[in-house]
Amino acid sequence: TTAVWDLIGKITGKPVHKLLGGKGEKQVKVYDGSIYFADLLPGQASRWKDRFREEIDMGLKAGHKAFKVKVGRGAKWMKRDQGDKRDIEILRTIRTHAGPDVLIGIDANNGYDLAGAKRFLKEIGGLNIAFAEEMFPETVKDCLEFKAFLRDNKLKTLVADGESHKEPSTFKSFVDARAIEVLQGDMKRFGFEGILEEASMAFRQNLLVAPHNWGSLLGYYMQLQVGRAIPNFYRAEHDPLNTPVIIDEGYSRKDGVSTVPDTPGCGLSIDEKAFAKHARVFYDLKA
């Protein structure tokens, strides 16, 4: 439905974020979600610490002040003990290099169980982890126990989850119990309407929304529009995708926040010359 909202905005002369409510901050907080498993690449095996330092530097240069780091190597990529140890080493390397003022979150893609997540967070508690995403397959009971564990250990880490949910209604039990503090319905799957429904539920319980977004440049801009629309937006997830075809004048990222234009619709347009050039290359390759 993104194209429909964009069209309505252009017809009415209003930005999508205004059509969606216009109750968010003028500049939207963002984070770099691209810090993955570089240490597992054959070419980086002997220099993985340097590689993570380079990735943080690239993110800082791209205007970021917040990063999400993938963990959970012991679930699939390495033996459990070795993977957990590597997760900890990487986070310590990144915190030392980035300094105390950079926000760091973690995402395990269900790579731990509840007991393992507790052990892990106890080990890295001193690194000031802002949020822990999808540490284990979420249930209300386990999320509440994990949240209680964090508070008992004086950790401010927020419990984040929800990218695998298929519709906003499945968040209801988690929201009612305040079991998830940052709701992460997928931006493209939910669309503007679904994320707003999720955000409305969350707002009533003083919870936050940070849509899941990976591998979608359009999804990034959709998040930014939502960020300007709702008052309980946490951060937009960004990865290094780019294209010369989209003109995004009015969007700019600096010091961990992005501007969002007040131009009609989503504030995006197509560079027709660039589109024609890349279309020719595509069809030439197919031929």
### Query
So which residues in the range 120-159 are of a type in the set (G, A, S) and either in contact with a Leu (Cβ under 6 Å, 6 or more places away or on another chain) or touching a residue at least 60 places away in the same chain (Cβ under 8 Å) (or both)?
G125, A130
### Query
Can you name the condition, by its number, that Y234 falls short on among (1) in contact with a helix residue (DSSP H, G or I) (Cβ under 7 Å, 6 or more places away or on another chain); (2) of a type outside the set (A, V, I, L, M, F, W, C); (3) surrounded by 17 or more Cβ atoms within 10 Å (Cβ to Cβ)?
(1)
### Query
Here are A98, A62, A130: which of them is more than 18 Å from the chain's Cα centre (by Cα) and of a type in the set (A, V, I, L, M, F, W, C)?
A98
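From the list K29, K49, which one is open to solvent by 30 Å² or more (accessible area, probe 1.4 Å), at pLDDT 95 or above and in a strand (DSSP E or B)?
Sole residue among the options that is open to solvent by 30 Å² or more (accessible area, probe 1.4 Å), at pLDDT 95 or above and in a strand (DSSP E or B): K29.
So that you can scan it fast, the table gives a plain yes or no per residue for (1) of a type outside the set (F, W, Y); (2) in contact (Cβ under 8 Å) with a residue 40 or more places away in the chain:
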| site | (1), (2) |
| --- | --- |
| F192 | no, yes |
| Q205 | yes, no |
| V209 | yes, no |
| N213 | yes, yes |
| Y220 | no, no |
| Q225 | yes, yes |
| P231 | yes, yes |
| R235 | yes, yes |
#### Entry: Output for the range 203-227, where each listed residue is surrounded by fewer than 22 Cβ atoms within 10 Å (Cβ to Cβ), modelled with pLDDT of 95 or more and part of a loop (DSSP other than H, G, I, E, B)
Q205, N206
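Only one of G43, G21 is among the small types (G, A, S), assigned to a helix (DSSP H, G or I) and open to solvent by 30 Å² or more (accessible area, probe 1.4 Å). Can you tell me which?
On the way: G21 fails: assigned to a helix (DSSP H, G or I).
Going through G43, G21 in turn, the sole match is G43.
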### Query
Which residues, taken from the range 239-267, are at pLDDT 95 or above and hydrophobic (A, V, I, L, M, F, W, C)?
V257, V260, C266
### Query
Just one of P240, P244, P264 is open to solvent by 50 Å² or more (accessible area, probe 1.4 Å), under 26 Å from S200 (Cβ atoms) and not β-branched (V, I, T); which is it?
P264
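Would you mind finding the one in N153, N128 that is in contact with a Pro (Cβ under 9 Å, 6 or more places away or on another chain) and open to solvent by 10 Å² or more (accessible area, probe 1.4 Å)? Let's see the steps before the verdict.
Details: N153 fails: in contact with a Pro (Cβ under 9 Å, 6 or more places away or on another chain).
Just a single option satisfies the conditions, and that option is N128.
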### Among (1) within 17 Å of L40 (Cβ to Cβ); (2) within 17 Å of the chain's Cα centre (by Cα); (3) of a type in the set (V, I, T) - the single one I90 does not satisfy
(2)
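The values are calculated or read from the model by the stated rules, or taken from the named source; none is laboratory data. In this text, all values refer to a predicted model and were calculated from it rather than measured experimentally. Quick reminder, even Gly has a Cβ in these numbers, built from the backbone with ideal geometry, and neighbours come from all protein chains shown. The area values use the complete protein model at the heavy-atom level, side chains included, leaving out ligands, DNA and RNA. Shrake-Rupley method; radii C 1.70, N 1.55, O 1.52, S 1.80 Å.
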